[in-house]
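Here is the structure we will look at, set down as structure tokens.
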Amino acid sequence: MTASLTSKTPLVYVVDDDASVRESLSSLIRSAGMAVEVFASPFDFLAQEQLIDFSCLVLDVRMPGLDGLALQEKIMAQGCEIPIIFITGHGDVPLAVRAMKAGAIDFLNKPFADTDLLAAITAALLRVSATVNERSELANLRLRFDTLTTREKQIMFAVAQGKQNKAIAYDLAVTESTVKVHKHNVMSKMNIRSVAELTMAIQRLKNVGK
């Protein structure tokens, strides 16, 4: 299961074995202007090959066969980072603590107020939006970096290390004017205006591979 499809409309997945709950939540979520897909069991949800990026999961805790916490573990094991909001009619503190430690957005006991669920969904989608934007920015940064020549990359790293043009020219056995031209090209291609931004960009690129 991966989250790689994109959509401008937020999508809320609901997994609950109670048909009446699925129906009421579906109606509530749609009334708030969001799309919704419901599943009667965790196994039906796991059968989805890909999830929408701009989405979250409203998940019942106690279900036959595979409970919500076990599904959370499976989702995490597959590397999927969809935010989860747990709902339950039989909640207790240890369950809530376990769910939240594993990264859940919220843990709501039934019956809960519609506003509480919608607030939790909003918080989950805000987290997703920030993550998606960060990934998009990193992808664009990588694309810009890949347009640099080998020499430009050498000069980019040297500049970020705080070396002056004269020192860079000496190290690379080129003229100082050549360094200035390459430095200008680097800043232009990377769409960066300062050495500080350049240093931050390099650090972000390094973190991508970790």
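Descriptive notes on the structure:
- Selection within the stretch 30-47: residues that are open to solvent by less than 60 Å² (accessible area, probe 1.4 Å) and out of contact with any Leu (no Cβ under 8 Å at 6 or more places or on another chain). The member of this set that is farthest from residue 87 (Cα to Cα) is 33.
- The stretch 36-67 - residue that is small (Gly, Ala, Ser) and at pLDDT 90 or above and, of those, nearest to residue 128 (Cα to Cα): 55
- Check on residue 132, surrounded by 12 or more Cβ atoms within 10 Å (Cβ to Cβ) and in contact with a Phe, Trp or Tyr (Cβ under 8 Å, 6 or more places away or on another chain): yes
- Hits in the stretch 61-71 - residues which are open to solvent by 10 Å² or more (accessible area, probe 1.4 Å) and in contact with a strand residue (DSSP E or B) (Cβ under 9 Å, 6 or more places away or on another chain): 62, 63, 67
- On inspection, residue 98 fails the criterion of being basic (Lys, Arg), in contact with a strand residue (DSSP E or B) (Cβ under 7 Å, 6 or more places away or on another chain) and open to solvent by 60 Å² or more (accessible area, probe 1.4 Å).
- Extreme residue, modelled with the lowest pLDDT, among residues of the stretch 6-29 that are within 18 Å of residue 127 (Cβ to Cβ) and open to solvent by 30 Å² or more (accessible area, probe 1.4 Å): 6
- Of the residues in the stretch 122-141, none is closer than 17 Å to residue 26 by Cα, aliphatic (A, V, I, L, M) and over 17 Å from the mean Cα position of the chain (by Cα).
- All positions within the stretch 164-200 that are among the hydrophobic types (A, V, I, L, M, F, W, C) and exposed (fewer than 12 other Cβ atoms within 10 Å of the Cβ): 173, 196
- Residue identified as closer than 23 Å to residue 126 by Cα, hydrophobic (A, V, I, L, M, F, W, C) and touching a Gly at 6+ places or on another chain (Cβ under 7 Å) among 45, 54, 107: 107
The values are calculated or read from the model by the stated rules, or taken from the named source; none is laboratory data. Predicted, not measured: the structure shown is a model, and the values here were computed from it. Glycine also receives a Cβ, built like all others from the backbone with ideal geometry; neighbour counts cover every protein chain displayed. These area figures cover heavy atoms from the full protein model, side chains too; ligands, DNA and RNA do not enter into them. Shrake-Rupley method; radii C 1.70, N 1.55, O 1.52, S 1.80 Å.
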